[in-house]
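Right, one structure below, let's go through it.
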Amino acid sequence: MKQPFETPRLVLEPIQEAHTDEVFDKLQDTRMYEYIPSTSPISIEELKQQFKALQQQFGLWDEDTLQLNWMIRLKPENSLIGRINICVYDNADAWINFEIYPDFWGNGYASEACKKALEVLEMHFKIEFIKARVDTRNLPAITLLRNLQFVVLEEETDEQQFVFALEMN
């Protein structure tokens, strides 16, 4: 599970503390935080600690939860362009989150990475549903999820979010 997975244009590689230096500046772009309830890392040291923790958790069950965090690397340029996370629960549900850095938006990379992550998930786990939470104004993410056959499960109006779900086989 800790090996990289490839698509025609991308490599999904398990997150490592060493990725910090390559992505810190990309995470300072304020466009990243228009639809997500977080802010850019305060310091490179803070980000290193986050990535180190995610690296240590990768593929290990913590009580009833398994964290899978991959960095998305664009093959031709060999540059990191985003991140994808899947959180698997022992109740046969999982949640997916994805982010593509703004300079790489609009090229179908999120779709390609999500398809591969879902394929990996299906190969290794018996998941009934995978879910995603998306800001109701984030039309590109909503379109991506619908194209992947996710359907709106509920709308959290007080949070301005949709919860999408995909039934896995």
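Since every read-out is calculated from the coordinates, none of them should be taken as a lab result. Just so we're clear, the structure is a prediction, and the values are computed from it rather than from any experiment. With ideal geometry, Cβ positions are generated from the backbone for all residues, glycine too; neighbour counts draw on all protein chains shown.
Worth a mention:
- Relative contact order (%) - criterion: Cα under 8 Å, at least six apart; region: the chain: 18 percent
- Amide H contacts under 5 Å for Ile15, placed H, 5+ residues apart: Asn69, Trp70, Met71
- Candidate lysines - alpha carbon under 20 Å from Lys52, same-chain residues fewer than 8 apart omitted: Lys2, Lys26
- Taking a straight line from the alpha carbon of Lys126, these aspartates and glutamates sit under 20 Å away, with near neighbours fewer than eight places off in the same chain left out: Asp62, Glu63, Asp64, Asp90, Asp93, Glu167.
- Here the relative contact order of the stretch 1-73, from alpha carbon pairs under 8 Å that lie six or more residues apart, stands at 40 percent.
- Restriction of the GluC sites (Glu not before Pro) in the stretch 1-94 to DSSP coil positions whose beta-carbon has at most 14 other beta-carbons within 10 angstrom yields Glu34, Glu63, Glu77.
- Charge dipole of the chain (Cα centre as origin; +1 on each Lys and Arg Cβ, -1 on each Asp and Glu Cβ, all else neutral): 600 debye, rounded to the nearest 20.
- Among Trp95, Trp70, the ranking by other beta carbons within 10 Å of each residue's beta carbon, starting with the fewest, stands as Trp95, Trp70.
- Candidate aspartates and glutamates - alpha carbon under 19 Å from Lys48, same-chain residues fewer than 8 apart omitted: Glu13, Glu17, Asp21, Glu22, Asp25, Asp29, Glu99
- Other residues within the sphere of radius under 14 Å centred on the Cβ of Ala92, judged by their own Cβ, net out at -4 (K and R +1, D and E -1).
- The stretch 49-137 - charge dipole about Cα centre, Lys and Arg +1 at Cβ, Asp and Glu -1, debye rounded to 20: 300 debye
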